[in-house]
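One structure below.
Nothing in this text is a laboratory measurement; each read-out follows from the coordinates by a stated rule. None of these values were measured; they are calculated from a predicted model. When we count neighbours, we look across all protein chains shown, and the Cβ atoms used for this are built from the backbone with ideal geometry, even at glycine.
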Amino acid sequence: MENNLSICITTFKQRREMIKDLVNKIRNFVPEYVDIILLINGNNQEEMPDDYRREMLQLSYSYKNIYPIFCPEFKSLSKLWNTGIIFSKTEYNLVLNDDVEFSNPNAYNQIIDHLQNSNDELFTIGHEFSHFVCGKTILHKLGYFDERLCAFGEEDGDMHYRYKRMFGSDIPIVSIGGIRNKYAYSLSSENLETHCQNKPRLNREIFFQMYEMDSPEGIKTRLHGPNRLVKIKPDIQQYPYEIFARNNVHNIAKFEKVIFDD
């Protein structure tokens, strides 16, 4: 299990100092053989500055096993989370936002211990999706983070609903000290219409059109309080062939047998 957990971190240009600090702390506490997938987002309707691109390349070059993925234009948080988990080479992935404090030198080992001693394939560290662990297999079962939420915000609420609809219980919470959200929401942009905490209004509007929020037959999740949700816009399986590819990639080196996941 020790080599079966990658770290995926999302970031963008206003967080350049935060991401440097976070990567430095992780590399001080976590073995250097652990991969870091660095998902570097563009800003909406802005060109990515070349000096920022070079800075992120230099950051990646400064440590072992950091793999940067650049988005020349803005991509949704759902897209970034799906991409990081799909692109990693491990089953399990610790997914972090760049405004996370990582001050526990034993956090990585505590996560490994929990994976070894539980059946949890998806869990949050504390109550929030700023820091969570997700396996490739369960993410495929759940249909991935919904990329119709094409900005950021609400993707956690949608995943809470997906999980409880499938398993009948809320997403597990694991308590690990020294990993917390700094809540760095004070950033704004003229290319971003927001509704609260500088989160895009668009995702909130999409979410409210996806769900009936107060249905007697709905699902009540930990995140949505007394509201009972029913999804009224049907899901389509995203990345439908991802498991097929994973099952058959070994055949590239030496063909044995084609394996279908059904």
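Below, the figures for the structure above:
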{"quantity": "Local electrostatic count, I219, Cβ distance below 13 Å [Lys/Arg +1, Asp/Glu -1]", "calculated": "+2"}
{"quantity": "Computed over the range 1-101, Cα set: Rg, Dmax in Å", "calculated": "12.8, 41"}
{"quantity": "Net charge over other residues, Cβ less than 15 angstrom from the Cβ of K25 (K, R count +1; D, E count -1)", "calculated": "-1"}
{"quantity": "Inter-centroid distance (Cα atoms) of the range 194-226 relative to the range 62-82, Å", "calculated": "26"}
{"quantity": "Loop-located chymotrypsin sites (Phe, Trp or Tyr not before Pro) in the range 135-226, at most 14 other Cβ atoms within 10 Å (DSSP)", "calculated": "Y183, Y185"}
{"quantity": "Residue exposure sequence - D146, D214 - by fewest surrounding Cβ within 10 Å", "calculated": "D214, D146"}
{"quantity": "Rough spin-label spacing in nm, given labels placed 7 Å along Cα→Cβ, for E17 and F260", "calculated": "5.7"}
{"quantity": "E217, E212 arranged by Cβ crowding within 10 Å, fewest neighbours leading", "calculated": "E217, E212"}
{"quantity": "Cα-based radius of gyration of the range 89-134 once divided by 2.2 N^0.38 Å, which approximates compact folds", "calculated": "1.12"}
{"quantity": "Relative contact order (%) - criterion: Cα under 8 Å, at least six apart; region: the range 5-178", "calculated": "26"}
{"quantity": "Label-point gap, in nm, between K220 and N3 - each point 7 angstrom along Cα→Cβ", "calculated": "4.7"}
{"quantity": "MRE, 222 nm, helices only [DSSP H, n ≥ 4, -39500 (n - 2.57), over the chain, to nearest 500]", "calculated": "-9500 deg cm²/dmol"}
{"quantity": "Label zone at Y61 (point 7 Å along Cα-to-Cβ), backbone N below 18 Å, the range 6-28", "calculated": "20, 24"}
{"quantity": "Percent breakdown of C-alpha pair distances by 10 Å bin, ordered from the shortest bin, for the chain", "calculated": "6, 28, 36, 23, 6, 0"}
{"quantity": "Computed FRET value (nearest 0.05) for R228 with F29, which takes r as the C-beta separation and R₀ as 45 Å", "calculated": "0.60"}
{"quantity": "Under 29 Å from the Cα of K89 - lysines, other chains or at least 8 residues apart", "calculated": "K13, K20, K25, K64, K75, K79, K136, K141, K164, K182, K254, K257"}
{"quantity": "Cβ-defined net charge surrounding G42, 11 Å radius [Lys, Arg +1; Asp, Glu -1]", "calculated": "0"}
